[in-house]
Amino acid sequence: MTRPDDTGAAVPPPDDARRRRWWIYRGTGEPLRDTTLRDLLPPPPPWRSFDGGPALPPPPEDETETVRRLGIHRPGAHDSSEAVRREANMVNAALVLRRPLLVTGRPGTGKSSLAYRVSRELRLGRVLRWHITSRTTLQNGLYTYDAIGRVQDTAARTAAAGDPANATERPAAPLSVGDYIQLGPLGTALLPHHEPRVLLIDEIDKSDLDLANDLLSVFEEGSYTIPELLRASRREPTVPVLTDDPGAEARVTGGRVMCSAFPVVIMTSNSEREFPPAFLRRCLLLDMPEPDEHDLADMLVAHLGDEDVAQWGGDLVARFLDRSRERGGLAIDQLLNSLYLATSGRVEDDDGSLMEWCESVWHRLNGPGAGARHR
């Protein structure tokens with residue numbers, strides 16, 4: 001139960017207020033106003049303090065991708081369910097402790113969307129996304145070095161310098177090793193910023209068995225070394241390199257990158273494998289629950305608007321949840337696709353069969369017959 005304050009607005013009861021006093025991320029989707037995460041976040045624990053610098057400018061925004069992932073934000077659409085409170089507790093614990101958050105759950109339950117919700121609410125800019133496959137290595141996430149391109153460019157310059165036709169031209173500037181290095185999502189997230197970057201490590205359970213162990217030292221140290229820049233540091237102490245942000249670059253000194261604000265690292269897992277105890281000890285764990293009817297309706301409204309959801313959403317959501325239970329769990333994307341089909345105006349519903357037709361996109365996602373047509 002709530003009580004009104006002097007303005008008539010509802011105020012949480014004292015017990016709930018005490019529980020949320022330490023919250024920074026609230027799970028409401030409402031962006032911070034008149035303040036920043038830097039102002040709200042308490043100092044890190046002594047063992048999680050990093051001193052990288054100088055701090056870079058704030059990262060770019062990417063509202064287009066955020067809207068594509070989350071839909072349009074609706075002010076006041078606050079969900080105070082137990083699942084939202086548990087999510088907010090774990091996100092805030094990860095923020096305060098400067099620890100990665102491992103998010104588990106069935107495929108299609110919206111685990112990856114959490115990174116975009118955190119970024120939108122805390123105004124942390126573009127989400128850095130590192131999608132994991134069985135061939136992914138730690139270096140893929142940190143940086144790439146185009147050694148072949150550098151050799152080819154050097155050979156081309158050498159050939160051009162030996163051409164008599166170029167004898168009167170001024171010698172070209174020497175090639176910089178930084179021109180052939182680009183930081184990956186993890187490497188970019190660890191650049192020094194006043195506020196943490198949001199890094200999504202998607203489907204980490206698809207990785208090679210060694211990746212989780214390889215990440216331990218990077219998470220603990222908050223830093224990494226680029227050997228190619230370290231070897232060239234006598235000639236080029238500070239080298240500009242490209243980052244994972246479009247068109248952006250950063251200057252690396254002495255071949256070493258260290259963060260100043262540890263990134264908000266959200267790793268998703270479909271629980272397809274177990275992780276080493278040493279890795280789990282350094283993470284916080286959040287199990288993403290199955291979305292209920294209210295969660296699904298909110299998601300549909302965010303993407304397609306109130307009018308379409310009012311016409312079709314109730315019946316479609318109820319039937320979707322029934323089929324999800326029957327078929328071992330369906331993905332939220334499948335519901336979104338079916339409502340778009342229902343509201344596209346391309347299909348007539350003269351015979352009342354539109355609901356059944358929408359179910360054509362609700363194929364099961366696991367077990368025998370996955371992907372096959374249901375009869």
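The values are calculated or read from the model by the stated rules, or taken from the named source; none is laboratory data. Since the structure is predicted, the reported quantities are computational estimates derived from the model, not experimental observations. Ideal geometry is used to build each Cβ from the backbone, glycine not excepted, and the neighbour counts take in all protein chains shown.
The condition of being under 30 Å from Gln334 (Cβ atoms), modelled with pLDDT of 95 or more and of a type in the set (S, T, N, Q) does not hold for Thr238. Tell me yes or no: at least one residue of the range 25-40 is in contact with a helix residue (DSSP H, G or I) (Cβ under 9 Å, 6 or more places away or on another chain), surrounded by 14 or more Cβ atoms within 10 Å (Cβ to Cβ), among the charged types (D, E, K, R) and modelled with pLDDT of 95 or more. For the range 25-40, residues in contact with a helix residue (DSSP H, G or I) (Cβ under 9 Å, 6 or more places away or on another chain), surrounded by 14 or more Cβ atoms within 10 Å (Cβ to Cβ), among the charged types (D, E, K, R) and modelled with pLDDT of 95 or more: absent. Screening Ser217 on (1) under 22 Å from the mean Cα position of the chain (by Cα); (2) polar (S, T, N, Q); (3) over 28 Å from Val96 (Cα atoms) shows it passes everything except condition (3). Among the candidates Glu61, Glu82, the residue that is over 22 Å from Val218 (Cα atoms), surrounded by fewer than 17 Cβ atoms within 10 Å (Cβ to Cβ) and free of Cβ contacts under 8 Å to residues at least 60 places away in the same chain is uniquely Glu82. Of the helices (runs of 4 or more DSSP H) lying entirely inside the range 76-155, those containing at least 1 residues that are in contact with a strand residue (DSSP E or B) (Cβ under 8 Å, 6 or more places away or on another chain) and farther than 16 Å from Trp23 by Cα span 113-122, 138-142. In the range 278-296 there is at least one residue matching the filter, namely being closer than 30 Å to Leu339 by Cα, modelled with pLDDT under 95 and hydrophobic (A, V, I, L, M, F, W, C).
Of the helices (runs of 4 or more DSSP H) lying entirely inside the range 212-307, not one contains at least 2 residues that are more than 18 Å from Tyr180 (Cβ to Cβ) and touching a strand residue (DSSP E or B) at 6+ places or on another chain (Cβ under 7 Å). Among the residues of the range 329-375, those that are at pLDDT 75 or above, within 17 Å of His303 (Cα to Cα) and either of a type in the set (Phe, Trp, Tyr) or part of a loop (DSSP other than H, G, I, E, B) (or both) comprise Ala331, Tyr340.
Regarding Gly178, is this residue surrounded by 19 or more Cβ atoms within 10 Å (Cβ to Cβ), over 29 Å from Leu101 (Cβ atoms), modelled with pLDDT under 95 and not hydrophobic (A, V, I, L, M, F, W, C)? Considered against the rule, which asks whether it is surrounded by 19 or more Cβ atoms within 10 Å (Cβ to Cβ), over 29 Å from Leu101 (Cβ atoms), modelled with pLDDT under 95 and not hydrophobic (A, V, I, L, M, F, W, C), Gly178 comes out as yes.
Here the range 308-328 is the region considered, the condition is being of a type in the set (Gly, Ala, Ser) and crowded, with 18+ Cβ neighbours inside 10 Å, and the residue that is modelled with the lowest pLDDT is Gly313. Answer yes if at least one residue in the range 184-197 is part of a loop (DSSP other than H, G, I, E, B) and at pLDDT below 95, and no otherwise. Checking the range 184-197: not a single residue is part of a loop (DSSP other than H, G, I, E, B) and at pLDDT below 95.
Residues of the range 265-312 being closer than 20 Å to Leu216 by Cβ, under 19 Å from the mean Cα position of the chain (by Cα) and among the hydrophobic types (A, V, I, L, M, F, W, C), which ones? Correct list: Val265, Ile266, Met267, Cys283, Leu284, Leu285, Leu286.
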